[in-house]
Every structure is written in structure tokens, then in C-alpha cells.
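Colleague: Right, I'll just put the structure down here and ask away after.
The values are calculated or read from the model by the stated rules, or taken from the named source; none is laboratory data. Keep in mind that this is a model prediction, so the values were computed, not measured. Reconstructed Cβ throughout: ideal geometry from the backbone, glycine too, with neighbour counts over all protein chains shown. Only protein heavy atoms, including side chains, enter the accessible area calculation; ligands, DNA and RNA are left aside. Shrake-Rupley method; radii C 1.70, N 1.55, O 1.52, S 1.80 Å.
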Amino acid sequence: MRDYIDTLTRELGDDEVMTIDGADWDLEIGCITELLAEKEGPALLFDNISGYPAGYRVFTNFMGTVQRCAVALGLPADTSAIDVVRTWKDLSKRIDPIPPVEVSTGTILENVIEGDDVDLTIFPTPRWHDGDGGRYIGTACMVITRDPDSGWVNVGTYRGCVQGKDRLSLWMLGNRHALAIAKKYWDNGKSCPIAVVVGCDPILTTAAAIAAPAEVCEYDVAGGLRGTGVEVLAAPGSGLPIPAHAEIVIEGEMPPVTEESVPEGPFGEWTGYFTHAGNETVVRVHRILHRNNPIILGAPPMIPTVPAGDQAVPLYSASVTWDHLEAAGVQNIHGVWAYARQLMMVISIKQTGAGDAMQALLAAAGRKRTGGMDRYFVVVDEDIDVTDINHVLWAIFTRVKPAESIHVIRTPTTAIDPRLSPSQREANDLSMGIVLIDACKPFAWKDSYPKANRFDQGYRSQIRDRWKGTLPL
């Protein structure tokens, strides 16, 4: 992660990472992050946090812009938004998973705290939102478990709350890999060995968040994205592979919920609402490893229309949807973009037949993740810039005939969906409608559709180049 911070300043300038001294862990860090994220401001490195020694830091808004995502992927910083998605899509087609490289030591071993000295409260964990049920150290963390049958190592992302000096709570949805692995241990009367990584480079964080298929390790995916294997070492107690240069690793065991649980939540989730409060599983912390001057990597969820700390998730979702569309036979795709993380997916195509728009919509909806909250799917013509929400809205407002262009289909959703009624939750009815919107010109008379009064992209580029440095174009 420190290499990434250095790369940001080298590629994008010293102003790309702002150091903020003296902020309070209780709400202030969260509010500053939100305010600057709304402006697509710089990445933020908080130091000298109230009540904590200098050097114990928090890093937020780390991939809050397309430019930062480009740098993280090793692309030129001025790569356009659509080209970042296109590159990710093309890379995913040819990616060869590269297994991690086992090493004997690493900077994560600079400090090893065990036994009675274990104390999670030494870190300046923020309370991110006014309404959170605790201090969440795990917002962009990696939870590492190993399947007791196959040996498969899973790396996922789940929210983690500090519950005491030697207790961390995790909330894992029922269809997630880590919970399935943990249940295998529990069914045999054992606790599940676990390691929680707080702070690592953005490629690892992204790989953990997007989740690989079962029996595929996210370390291998990250290695393929990097082009070189992730350096890992065996955690001192569990032997689980942990990143050799992570910032903080919390190692311990997770007993069955029936044996030990703690109240968890509520927490301001990425939907923009406080969700879920109830008894959840805990990690009995046996050991803490951390680098000198450790950095908590924070991605506090904000309302999904704000480009939050990790813009990589919607970019990845757009690239996977684009790839899925091509595999489904959709032709002449000009771009795919995700809004509000992935609550709305927009596809631009060049129509060559009357059914092209609906084919694209159905194909995109078919890619919807089981239990995901992907809600709106929109298809537009090739003249619409899908990365410009005002352009997309213009197409919806002027090219949609509501009685004919909008379709609703019922599909599964997720437990954090704020629109699920109490009766649905009680009945375990996790279903919701998705909306398909055809915002294309009607194919039968598209050539007769009124002409738009907007300069074309070529001339706009000429004017930007001519006045670059003089006008904020």
C-alpha cells in the first residue's frame, strides 16, 4: 500500500494524497472523507489522530477517482474512463492466475503482539458514521480462511467491528464462501482459524472484494492482475497465508455463533442506509501483527452516488458485464458503465436491428449476481456518453416511451436491501424487481429522429486542447 501511495504522488502529483493532522477518530475522519469524496478530492492520509501516537494512520478515498484506478492497474493516469473498463475487460479474458509466492519473512512481522498484550484498541479505528454501532476497523479488509477438506484458501471482504481488546466481530452474509468454510469447522465441533488483513495494496483489496469463484483463490487472481505472485508468509499461529507486506493482520479463531456471539451493527452500508443489527460471530484474537507506523485502510460506505474510497468495484462490474454481453452475442457495444456502485448499469450500442436493444438488456440482466442489488439496466445509442450521468438521463428523458420501453422482472436481492419489508424479511423472501429500460431511438425510424444540438466529441476535444491551461474545460 505504501508503494501505491508513493506511485500516486509520483504519477499524479503531490496534491493527489493529502495528509491531515489532528482529526478525531470519532466521526471527524468519516465526515472529512465524505465531504472530499463528494468533490472527487484527493486521497487522504490521517495522522496524529486525536488520542493516538503519531504514525498510527488511516488512509481513505484511496481509489475514489478513475485516475487512481488507472494508476492501481498500471495504466497511464490520463486513461479515459471507458478505456479503463475496456482494459479491465480485455485483461480478464486473458488473465492467467498466478499462485502466491511463499516467503519466510516480511515487514508485517516488524511487530508481533501475543497473549495478554493483545489489544485492538491501540489502533485509531474510526467511528465512520453517526449511527454506527461501533468502531469498524474492517471496511476494506481481507478475511482469510482455509477449507478444511480441500485446502482451498479463500480471501473475502466483510465488515469488522472492534468489540474489545481481543474480540472482533464479523458480519458475513449467508451465501458467502468464508461462512461456508467456517460451518465445516463448526459442524465438526471446532473453531475456524482466521486472519483479518487491514491494509494492503489496491489490487489485493479489489480481488478480495469482487470474490473469485469457489475453489479459486483471490491471491491467484491478484497475481494474474499484477503479473507476478503475491508474496505471502505463514501466519505464526494458524499457518494461513498472509500478505508479507500488509499493514495490520489480526489472527485468531472464529467459534460457532451458538458458542459465542456479540451484538453487531447497525452500520452505514454502501446502499446509503444503516443496515443489520443482531448477534454475529466473533474472532477470538490470539495475535496482532503490524508494521511500524501502521496504516488502517478505510473505505467507509457512503451513499452510492458518491464516488467512494474504492471506485474499482463499479469499474470491475462494468468490465465483467461488458465481457458477459460479448459472450452472449451482443454486437456493436460502444461502452458499459456502472452507477451507484452497480445499482444501475448502462450499455451503449449501435443498433443494426429492431431487437438489439432488448437483447442487450436481457443479456445484461442475465449477468446479475445471485443475491446482488443490481437494480436498473439501461441501454442507449452509441451517441450517448455512458460515463456522463447527465447524458444518460437526457437519453432516458427523451427517448423512452414509458408504456413500451420499461419492463420489470422479479429476481433475488440481498439482505442489506433497504426496500425489503419487515414481512419479507420474516418470511425470508429476499426477492425484488429489476428494471429494464430501452432508452434507444426506435430502430424503425431512428434515422428520422430529431438531431441533437450538441457539438461532436472531436470538436469538443479540439476546443479543450486549444484552451488547455487557460479555461477549466
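Colleague: Using amide H atoms built 1.01 Å from N in the peptide plane, name the residues 5+ places from residue 274, or on other chains, whose amide H lies under 5 Å from its own.
Modeller: 269
Colleague: Give me the three principal axis extents of the range 1-49 from the C-alpha atoms, as integers in angstrom, largest value leading.
Modeller: For the range 1-49, the Cα extents along the three principal axes come out at 32, 24, 15 Å.
Colleague: Please report the carbon-and-sulfur percent of the accessible area for the chain; probe 1.4 Å, protein heavy atoms only, DNA, RNA and ligands left out.
Modeller: Answer for the chain: carbon and sulfur cover 50 percent of the accessible area.
Colleague: Once the mean 1/r over all distinct Cα pairs of the range 354-411 is inverted, what Kirkwood radius in angstroms do you read off?
Modeller: That comes to 12.7 Å for the range 354-411.
Colleague: Can you compute the equivalent ellipsoid semi-axes for the range 1-150, i.e. the square root of 5 times each eigenvalue of the Cα gyration tensor, sorted largest first and rounded to whole Å?
Modeller: So the three semi-axes of the range 1-150 are 29, 25, 16 Å.
Colleague: For the chain, the longest stretch holding no chymotrypsin sites (Phe, Trp or Tyr not before Pro) located in a DSSP loop with at most 13 other Cβ atoms within 10 Å is which?
Modeller: Within the chain, the longest run free of exposed chymotrypsin sites (Phe, Trp or Tyr not before Pro) spans 1-454.
Colleague: Now for a separate question. Provide Rg over Rh for the chain; use the alpha carbon set for both Rg and the Kirkwood Rh (inverse mean inverse pair distance).
Modeller: Ratio of gyration radius to Kirkwood radius for the chain: 0.98.
Colleague: Between residue 240 and residues 5 or more places away or on another chain, which pairs have amide H atoms under 5 Å apart, with H built 1.01 Å from N, and which residues are they?
Modeller: 235
Colleague: So for the pair residue 454, residue 104, with labels modelled 7 Å out along Cα→Cβ, what separation do we get in nm?
Modeller: That separation, rounded to one decimal, is 6.2 nm.
Colleague: Which whole-number value in Å² is the accessible area per residue of the chain, probe 1.4 Å?
Modeller: Result: 44 Å² per residue.
Colleague: For the range 328-473, what is the per residue volume of the convex hull drawn over the alpha-carbon atoms, in cubic angstrom?
Modeller: Looking at the range 328-473, the number lands at 143 Å³ per residue.
Colleague: Related question: If you take every DSSP beta bridge whose two residues both sit in the chain, what share of them, in percent to the nearest 5, is antiparallel?
Modeller: 75
Colleague: If I model a spin label at residue 358 and residue 409 as a point 7 Å from the Cα along the Cα→Cβ vector, what separation in nanometres do I get?
Modeller: If labels sit at residue 358 and residue 409, their model points lie 1.2 nm apart.
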